[in-house]
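Some notes on the structure that comes next.
Please treat every number below as a calculation from the coordinates, not as lab data. If you're wondering where the values come from, they're calculated on a predicted model, not measured in any experiment. Counting neighbours? That spans all protein chains shown, and the Cβs are built from the backbone with ideal geometry, glycine included.
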Amino acid sequence: MSEREVVITGTGLTTPVGKNSVENWQSLKTLKTGIANNRSDDLPEFLHYTGKVTRFDLPQDIPPKQQGQMKFLNRGATLGFCAAHEAVSSVKSFIGDIQPGRRALYVASGDHTKIGYDFMYPAIRDSVDSRWDNLDQRKLNESALNKVNPFFLLESLNNNLFSFLSAVIEFMGPNTSLASLSPCGGNALELAYRSIKLNNADVALAVGYGNWITEIPLYELEGLGILSKCRHGAASYRPFDRNRDGFIPGEGGAAIFLEAADSAEKRGADILGKLKGFGNCIEFSPSHKMGVSERVTKNNIASLLKETGTRIHDLSFIIPHGSGTRKGDSSELRSLTEIFSDENNDVPLCGLKPYTGHMGAASDITEIIFGMYAVKEKMVPATLNYEEAEKEFSHLRISGSPQVCNNDTFLSVSYGVGGQSSSVIVEVK
């Protein structure tokens with residue numbers, strides 16, 4: 001049985017720069033960032049800068065049976081649900097003709113909304129003495145029954161959105177819920193793609209969401225030494241720049257709806273892009289505990305180019321992961337230098353996370369959506385806040401401002417803690 005081509009016919013975005021895909025793209029075109037000083041008296045100054053979603057529209061057409069379950073969705077899951085709803089809204093009538101068992105669903109969560117025990121504070125306060133030295137277990141149990149939300153455990157489950165979405169939109173075919181950091185959003189999209197390509201499903205939805213802006217995740221990320229000190233305020237997130245010093249976290253949701261190309265063409269669907277293929281490589285190296293070795297990223301991209309028959313010059317641009325950390329960006333740029341070694345290095349590179357902040361699994365999918373809009377408008381997006389690279393990378397064409405592109409494909413790369421690098425090539429006609 002021949003493998004099927006897979007196309008994108010729906011997208012959804014809920015991020016700090018917009019409550020839908022069009023708003024997000026308009027923000028990117030006008031070089032608008034969603035990173036701002038979201039002041040908190042409990043945090044040091046440099047942790048006040050985050051990418052926070054300030055506007056989103058909750059869907060109003062949730063079936064009555066599921067409306068009561070909305071209270072179990074934490075903030076990150078809610079943003080993911082909004083994005084998923086947008087992605088399927090334009091194809092609802094078509095989905096109704098597909099058997100639920102042929103609808104695949106893959107949800108990736110890098111969400112830390114409920115990390116912490118602040119929900120227990122009222123009961124703990126009732127159970128201790130004035131110096132907080134001794135805790136009365138009996139008082140704690142009695143107070144917890146009245147003052148602690150009994151659904152706190154459900155709200156903390158990373159597969160909560162997965163089960164809710166499956167019930168609301170009745171996607172009951174191949175499925176799974178992924179819980180990790182980047183690149184699990186890209187992994188979810190690859191699984192969705194392969195479910196259709198191998199004829200295990202006719203349509204598929206890939207969702208990524210994340211919230212990294214609550215207190216404990218912020219302190220944990222800072223403890224790892226990968227956050228920016230925000231010496232330049234909201235403009236401190238600057239991938240590939242010689243003065244970069246880490247990333248700024250954000251929150252958001254992103255979703256992509258897929259279907260078989262022949263089906264989409266037959267029904268006259270608006271095809272936004274075609275997934276040409278995915279690459280994946282993983283290797284744990286003690287010297288790269290917090291990132292990915294140069295060899296892994298190079299092998300990942302090289303194998304993808306070979307598998308899809310794509311030449312480096314076929315690409316309009318490359319969207320690297322662009323974490324903004326000293327070591328991470330250097331490793332990634334060295335990998336790309338090796339990829340370019342036998343070619344002219346005139347393919348633009350653009351880092352897109354400074355628009356929204358790093359949203360974990362949501363960023364992986366968001367950047368693919370941004371890339372499709374950019375190719376459609378023949379534009380290479382700008383890397384916000386980029387001024388100049390180190391001398392070692394001065395030969396690379398890093399896009400510091402919007403540029404014109406003429407080709408119809410792009411490459412997007414994501415990687416994460418643990419040594420995994422994932423990439424995808426998308427064609428936009």
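Would you mind counting up the charge near A192? Only other residues with Cβ under 11 Å from its Cβ, with Lys and Arg at +1 and Asp and Glu at -1.
Here the charged neighbours net out to +1.
Would you compute, from DSSP H runs of 4+ residues alone, the mean residue ellipticity of the chain at 222 nm, taking -39500 (n - 2.57) per run and dividing by the full residue count, rounded to the nearest 500?
-9500 deg cm²/dmol
How large is the charge dipole for the range 277-427, taken about the Cα centre, if only the Cβ atoms of Lys, Arg (+1) and Asp, Glu (-1) carry charge, to the nearest 20 debye?
My answer is approximately 280 debye.
Compute the signed sum of charges (Lys and Arg +1, Asp and Glu -1) over the other residues within less than 12 Å, Cβ to Cβ, of I8.
0
Using packing as a proxy for protection, rank 144-152, 75-83 so that the peptide with the highest average count of other Cβ atoms within 10 Å comes first.
Packing order, densest peptide first, comes out as 75-83, 144-152.
Of all DSSP beta bridges in the chain, what percent run antiparallel (nearest 5)?
Restricted to the chain, the bridges split so that about 65 percent are antiparallel.
For Cα extents along the principal axes in Å, several values are listed as (1) 108, 43, 35; (2) 76, 49, 45; (3) 70, 56, 40; flag the one computed from this structure.
It is the one labelled (3).
Please compute the contact order of the chain in relative form: average sequence separation of alpha-carbon pairs under 8 Å and at least six residues apart, divided by the residue count, as a percent.
RCO, the chain: 23 percent.
How about K274: which lysines have a C-alpha closer than 20 Å to its C-alpha, ignoring those fewer than 8 places off in the same chain?
Qualifying lysines at Cα under 20 Å: K197, K266, K306, K376, K378, K429.
Thinking of the range 277-427 as a set of Cα atoms, what percent of all their pairs are more than 18 Å apart?
Roughly 53 percent, rounded to a whole number.
Sort the following peptides by mean Cβ neighbour count (other Cβ atoms within 10 Å, averaged over residues), highest first: 200-209, 51-60.
The peptides rank, most packed first, as 200-209, 51-60.
How many angstrom separate the Cα center of the range 381-419 from the Cα center of the range 300-327?
So the separation of the two Cα centres works out to 10 Å.
Highest mean first, what order results for 31-39, 159-167 on Cβ atoms within 10 Å?
In descending order of packing, they fall as 159-167, 31-39.
Report the net charge of residues surrounding P217, where surrounding means a beta-carbon distance below 15 angstrom and charges are Lys +1, Arg +1, Asp -1, Glu -1.
-4
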